[in-house]
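Let me begin by presenting the structure, written as structure tokens, before commenting on it.
The values are calculated or read from the model by the stated rules, or taken from the named source; none is laboratory data. None of these values were measured; they are calculated from a predicted model. So basically every Cβ, Gly included, is an ideal-geometry build from the backbone, and we count neighbours across all protein chains shown. Calculation scope for accessible area: heavy atoms of the full protein, side chains included, ligands and nucleic acids excluded. Shrake-Rupley method; radii C 1.70, N 1.55, O 1.52, S 1.80 Å.
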Amino acid sequence: MTQHRTGRDLVIDVRGMTKRFGQRLVVDHIGLQVGRGEIYGFLGPNGSGKTTFIRMLCGLLRADEGSGTCLGYDVIGQSEAIKAAVGYMTQRFSFYEDLSIAENLDFVGRMFGVADRRKTVERSLERLGLAGRRHQLAGQLSGGWKQRLALAACLIHQPRLLLLDEPTAGVDPKARREFWEQIHGLAADGLTFLITTHYMDEAERCHRLAYIAYGKLLADGTVADVIHQAGLTTWAVSGPNLHQLAIEIRRQPGVRQAVAFGDRLHVSSDDQDALEAAVTAFRASPYEWHQVDTGLEDVFIHLMQHSPDNFSS
Amino acid sequence: MSAQFTFSLSRFWAIVVKEFIQMRRDRITFGMMIGIPLIQLVLFGFAINADPKHLPTVVLMADYGPHGRTLLHAIRNSDYFEFVREVASEQEAEDVLVRGEAQFVVNIPQNFSRDMLRGERPAILIEADATDPAATSNAIGSLRVLMTTALQQDLRGPLAYIAGSDSPIELRVHARYNPDAITQYNIVPGLMGVVLTMTMVMITGLAITRERERGTMENLLSMPTRPFEVMIGKVLPYILVGYIQVVLILLASHLLFNVPVYGNIPMLFVSALVFIVANLAMGITFSTLAQNQLQAVQLSFFFFLPSLLLSGFMFPFRGMPQWAQSIGEVLPLTHFLRIVRGIMLKGNGIGEVMLQLWQIALFAAVVLTIGVKRYRRTLD
Ligand SMILES: Nc1ncnc2c1ncn2[C@@H]1O[C@H](COP(=O)(O)OP(=O)(O)OP(=O)(O)O)[C@@H](O)[C@H]1O
Ligand SMILES: [Mg+2]
């Protein structure tokens, strides 16, 4: 399903990346190509190996297998060079809580040997709207402000690639929208992003995305590609007692997926005929049916249900 | 590309500045670094200096002349000695000491009065149970003055010619059971090394495990930095703390305990630097071995205890069995104690100091190398 893209403009180009923790295969031969200026979404359920994969990319974990390049450097052998040119925002806040905002930024500036550090820190404080809080200790910031600080710190050394691990978890909608506007602005300037998220609306804002579950890459491409590849047909139904309907319709041959979306139920299947038969059986009055475009979430739920859980075995 | 692999002053300095700020904000730890030396000094220093009085004393009188009685009287009236009884024989005196019934045996020899009047300076033998030398040293010190003053009362008028010579008797002190006789002058300078060992190892022992526990290690590792920069950067700020401790102890030992300094103070400071670095290196290496802060603290105690016991601080070094001495010779505290005591009490010069100092430096280098090798550069 992976279309191989080649060329000089690939910022990330890795194959067969694999990581085991003891006996457990956490990342299972994942390949990924990310082009310059792309915003690449990285999705998958909890524990699917997203963080582990990103850590291997920037040399924080040693890959057991795999090869390729990141920013043109060898992903296995040149991690020091990769670190210098990558901004990595960890899933859990990992700046110093007993340092102030400005001190944290200053520290990062020094660590990367940023030229004209004072001015750079100043500009980044202003750009992120943190100037007024410069002397506040990072530990006293609210979750959303911590995220802003982390992002600002990742950008200090003008990296060419940003690896953002759930940058918007726990951030309010307005701040999330601003965050994504900023990301798109930076991408337009040629910065490349690999972003993990659990939000569907954010996945749809990505140029391309990859979906992994249990360490395996299940789908990748543009949003349209991913939806198309899944080959799902989806019907939406509204009416009373949808919970009971969901239980019954899942028993129909060829239909396994019925997911509540607000006051509606999405029933999807990759077997169009079977789905229509099932729908006909429940056509009777209290329910109102129409066929809808399959959404990303329908696809992801489908992918997850159909991938073997190699952890529980 | 090659710049990636060399030491970067900027990155090193980044760590130093960060550690300084964190140290300043961590009031409790900083307070402890200042408090521990003071508390130890007061505890050890004053406990040693407590100047025990009324120490049980027996007298073996072989001469009942008038001057012997004067001495007996003087001893009875002094604060330091508690006259228990007279003993009849040397054997009895020996038994009394062995049982711990008395701390001192005063022997007044045969013909004491006669010999003294003849100006022959008869010897009075004091046998002291010096197991705890701190308990006996002041009493012995006072004895000479006590006896001379008492006898001067006797030696007036026609006998004044005897008092004119510097002392009419000779005092022989036989310190039993502890030939190395540590005094409080020995303890207080030694305390400098003990305090530094205790605090310096522990504070850097926490340095890297703390980053790991707080989750900041992931961030630190994602930046392009060399282990050496991180480790040295974390060590440097604490050298200053170590120096604060050294100054505190020097001031206190001078002001509170009147410990003299015969040697060269700058040389002491240079030696302290090497010693502080050795302990910080030990701590930071523990930090790379330990999984969490608790383990780091346990490891530092694992190091602190032998240092305390086998360095010659607690027990006279030469009194220890060979195996214990061999361990002691490896420990930086052993050599630092020799340096500090040497400089402060004996006025040792650079020659004697270097003899010990290079061994501390070697220890620091070996330990730091292990630490740099052990420093994990990934989260695996
Ligand atoms: N250091 C480690 N040692 C052992 N197992 C680990 C380690 N790090 C992660 N794992 C395991 O590897 C699996 C993948 O973890 P990872 O953090 O990569 O998932 P994730 O996709 O980022 O999940 P989430 O969405 O919850 O952040 C998990 O089951 C986790 O328990
Ligand atoms: Mg994760």
Residue check, A:G215 within 16 Å of ligand 2 (Cβ to nearest atom) and more than 14 Å from chain B (Cβ to nearest Cβ): yes
Residues that are at the interface with chain B (Cβ under 10 Å from one of its Cβ atoms) and away from ligand 2 (no atom under 16 Å from the Cβ), drawn from the stretch A:148-162: A:A153, A:C154, A:H157
Pairs, first farther than 19 Å from A:L191 by Cα and facing chain B (nearest Cβ under 7 Å) in the stretch A:77-96, second within 16 Å of ligand 2 (Cβ to nearest atom) and not polar (S, T, N, Q), C-beta under 8 Å, six or more apart: A:R92/B:G215; A:R92/B:E218; A:S94/A:A150; A:S94/B:G215; A:S94/B:E218; A:F95/A:A150
Where a residue in the stretch B:367-380 is within 14 Å of chain A (Cβ to nearest Cβ) and within 28 Å of A:T51 (Cβ to Cβ) and its partner, wherever it lies, is among the aliphatic types (A, V, I, L, M) and in a loop (DSSP other than H, G, I, E, B), with Cβ under 6 Å and at least six apart: B:T378/A:L60; B:T378/A:L61; B:L379/A:L60; B:L379/A:L61; B:D380/A:L61
Qualifying residue in the stretch A:112-135 (condition: more than 18 Å from B:R11 (Cα to Cα), free of Cβ contacts under 8 Å to residues at least 40 places away in the same chain, in a loop (DSSP other than H, G, I, E, B) and within 13 Å of chain B (Cβ to nearest Cβ)): yes
Set A:D220, A:D165: member being within 16 Å of ligand 1 (Cβ to nearest atom), within 14 Å of another protein chain (Cβ to nearest Cβ) and within 16 Å of the chain's Cα centre (by Cα): A:D165
Failed condition for B:L97, given (1) part of a strand (DSSP E or B); (2) under 18 Å from B:H174 (Cβ atoms); (3) of a type in the set (A, V, I, L, M): (1)
B:V270, sole failed condition from (1) away from every other protein chain (no Cβ under 14 Å); (2) in contact with a Lys or Arg (Cβ under 6 Å, 6 or more places away or on another chain): (2)
Test: A:H157 is within 25 Å of A:F53 (Cα to Cα), touching a residue at least 40 places away in the same chain (Cβ under 8 Å) and under 16 Å from the mean Cα position of the chain (by Cα): no
Output for the stretch B:308-326, where each listed residue is assigned to a loop (DSSP other than H, G, I, E, B) and of a type outside the set (F, W, Y): B:S311, B:G312, B:M314, B:P316, B:M320, B:P321
Any hit, the stretch B:212-234, residues being within 28 Å of the chain's Cα centre (by Cα), farther than 30 Å from B:I124 by Cα, at pLDDT 75 or above and open to solvent by 10 Å² or more (accessible area, probe 1.4 Å): no
Residue within the stretch A:273-283 that is modelled with pLDDT under 85, touching a strand residue (DSSP E or B) at 6+ places or on another chain (Cβ under 8 Å), part of a helix (DSSP H, G or I) and not assigned by TED's automatic domain parsing to the domain that holds A:L242 present: no
Qualifying residue in the stretch B:102-122 (condition: under 32 Å from the mean Cα position of the chain (by Cα) and within 14 Å of chain A (Cβ to nearest Cβ)): no
Condition broken by B:L305, with the remaining ones in (1) in a helix (DSSP H, G or I); (2) in contact with a helix residue (DSSP H, G or I) (Cβ under 9 Å, 6 or more places away or on another chain) satisfied: (2)
Subset of the stretch A:228-254 [surrounded by 20 or more Cβ atoms within 10 Å (Cβ to Cβ) and not in a strand (DSSP E or B)]: A:A230, A:L232, A:I249
Test result for B:F83, over 36 Å from the mean Cα position of the chain (by Cα) and either at negative phi or touching a residue at least 60 places away in the same chain (Cβ under 8 Å) (or both): no
Any hit, the stretch A:39-54, residues being away from ligand 1 (no atom under 16 Å from the Cβ) and either free of Cβ contacts under 8 Å to residues at least 40 places away in the same chain or more than 13 Å from every other protein chain (Cβ to nearest Cβ) (or both): yes
Count - residues of the stretch A:58-76 that are hydrophobic (A, V, I, L, M, F, W, C) and within 12 Å of ligand 1 (Cβ to nearest atom): 2
For B:I249: the one exception among (1) more than 12 Å from B:P37 (Cα to Cα); (2) at pLDDT below 90; (3) surrounded by 23 or more Cβ atoms within 10 Å (Cβ to Cβ): (1)
Lone unmet requirement of (1) over 24 Å from B:S253 (Cβ atoms); (2) modelled with pLDDT of 90 or more; (3) aliphatic (A, V, I, L, M) for B:L379: (2)
Selection count, the stretch B:297-308, where residues are open to solvent by 30 Å² or more (accessible area, probe 1.4 Å) and within 18 Å of B:P189 (Cβ to Cβ): 0
Yes/no for A:G47 being assigned to a loop (DSSP other than H, G, I, E, B), out of contact with any Ser or Thr (no Cβ under 7 Å at 6 or more places or on another chain) and away from ligand 2 (no atom under 16 Å from the Cβ): no
Close pairs from the stretch B:30-44: first not assigned by TED's automatic domain parsing to the domain that holds B:I244, partner charged (D, E, K, R), Cβ under 8 Å, at least 6 apart: B:F30/B:R24
Among residues of the stretch A:11-66, those that are open to solvent by 50 Å² or more (accessible area, probe 1.4 Å), under 22 Å from A:G221 (Cα atoms) and touching a strand residue (DSSP E or B) at 6+ places or on another chain (Cβ under 8 Å), counted: 3
Residue match in the stretch A:229-242 (condition: touching a strand residue (DSSP E or B) at 6+ places or on another chain (Cβ under 9 Å), within 16 Å of ligand 2 (Cβ to nearest atom) and either outside the structural domain of A:G16 (by TED's automatic domain parsing) or of a type outside the set (G, A, S) (or both)): no
Odd one out for A:G31 among (1) over 24 Å from A:A203 (Cβ atoms); (2) more than 16 Å from ligand 2 (Cβ to nearest atom): (1)
Yes/no for A:R20 being within 14 Å of another protein chain (Cβ to nearest Cβ), within 16 Å of ligand 1 (Cβ to nearest atom) and within 17 Å of A:Y214 (Cα to Cα): yes
One residue from A:Y214, A:Y199 being within 13 Å of the chain's Cα centre (by Cα) and either of a type in the set (S, T, Y) or open to solvent by 20 Å² or more (accessible area, probe 1.4 Å) (or both): A:Y199
